[in-house]
1. From the list A185, A153, A250, which residue is under 29 Å from T79 (Cβ atoms), surrounded by fewer than 18 Cβ atoms within 10 Å (Cβ to Cβ) and among the small types (G, A, S)?
2. Can you name the residue in segment 57-69 that is of a type outside the set (K, R) and free of Cβ contacts under 8 Å to residues at least 60 places away in the same chain and, of all such residues, is most open to solvent (accessible area, probe 1.4 Å)?
3. Residue under question is D232, and the condition is that it be in a loop (DSSP other than H, G, I, E, B), at pLDDT 90 or above and over 14 Å from the mean Cα position of the chain (by Cα); does it hold?
4. Among the residues of segment 122-137, how many are open to solvent by less than 30 Å² (accessible area, probe 1.4 Å) and under 13 Å from T75 (Cα atoms)?
5. I'd like the full set of residues that are modelled with pLDDT of 75 or more, surrounded by 12 or more Cβ atoms within 10 Å (Cβ to Cβ) and not in a helix (DSSP H, G or I), limited to segment 158-180.
6. If I ask for residues that are open to solvent by less than 70 Å² (accessible area, probe 1.4 Å) and within 19 Å of I253 (Cβ to Cβ), which ones from segment 190-204 would you list?
7. Of the numbered conditions (1) among the basic types (K, R); (2) farther than 27 Å from K82 by Cβ; (3) assigned to a helix (DSSP H, G or I), K199 satisfies every one except a single condition; which is it?
8. All but one of (1) under 25 Å from K7 (Cβ atoms); (2) not in a helix (DSSP H, G or I) hold for K217; which doesn't?
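The values are calculated or read from the model by the stated rules, or taken from the named source; none is laboratory data. Model, not experiment: these values are computed from the prediction. Virtual Cβ from ideal backbone geometry, glycine too; neighbours counted across all protein chains shown. Quick note on the areas: whole protein, heavy atoms, side chains included, nothing else; ligands and nucleic acids left out. Shrake-Rupley method; radii C 1.70, N 1.55, O 1.52, S 1.80 Å.
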Amino acid sequence: YLYKSEKIKPTSKSIKMHFGLDSPKFGVIRAELKNLFAEVRDYRDVKLKFDNWSGYLEIVYGEKQKEENLFFLHTYLSTLVKLLIHLKISLGESMKTDEILPILLGNRFAQFGIVNFSEEDFFTWPMNIAIRKRSSKIFSGLLLELERFDIDAIDEDVLKDLYQELVDPEVRKLLGEFYTPDWLAEKMVIETLDDDPLKSVLDPACGSGTFLFHVIKFKIRKLTKNGMKKPDILKHITQNVFGFDIHPLAAII
């Protein structure tokens with residue numbers, strides 16, 4: 001009955017409530033990931049992913065990250081993002097358990113022409129052959145939970161609150177990180193692009209992508225109103241809207 005009832009509107013608050021660090025869903029999956037990691041931590045491919053992840057975060061935080069729980073958290077959130085995007089491009093259609101693999105390894109997105117998004121990154125370690133079947137079952141359950149949401153109703157950076165949970169507020173302050181509210185990002189985008197929506201945009205420290213989200217949303221609305229066709233709008237955006245971040249999870253999000 002619950003899964004057939006009216007779909008939930010995705011907001012940063014509703015996503016955080018259902019999938020955030022304090023949610024029962026995350027607690028269960030983190031425990032399962034911990035058990036799976038214990039089985040494969042000494043496999044060469046898994047060890048390489050963990051060491052590379054730790055090395056990247058050393059650049060971000062000034063020291064190597066040895067905390068496995070943080071690695072599990074990043075794995076969980078990156079997987080959540082991939083499943084969310086899969087639902088969007090698949091028009092909400094379910095995938096079978098044995099089809100989780102192409103989603104996490106990027107094959108599913110390559111079919112739609114989306115490359116360089118999910119090609120075997122640090123967080124695909126649960127797809128190690130020794131634990132792949134059990135991992136797929138875990139993430140199929142997560143996909144089923146996501147299907148309760150109306151993905152087409154997203155009109156804000158729904159991942160922002162989840163991303164903010166990753167870093168302690170005091171650490172964020174020391175690093176100079178500040179997350180711009182949606183209303184302020186939208187106002188800045190309008191003031192910057194209203195006179196010329198064809199301007200190129202770069203966010204050199206994009207985090208979860210709040211500014212990129214509002215830039216793209218604004219350009220689609222404005223350029224559609226100006227009579228530009230959808231394929232031309234897409235081409236313009238992919239050639240003129242850029243963001244990057246040194247944090248490996250931020251890049252995926």
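1. A153
2. E63
3. Against the criterion (in a loop (DSSP other than H, G, I, E, B), at pLDDT 90 or above and over 14 Å from the mean Cα position of the chain (by Cα)), D232 does not qualify.
4. So the answer is 6.
5. V158, L159, E165, Y179, T180, listed by residue number.
6. Those that are open to solvent by less than 70 Å² (accessible area, probe 1.4 Å) and within 19 Å of I253 (Cβ to Cβ): V201, D203.
7. (3)
8. (2)
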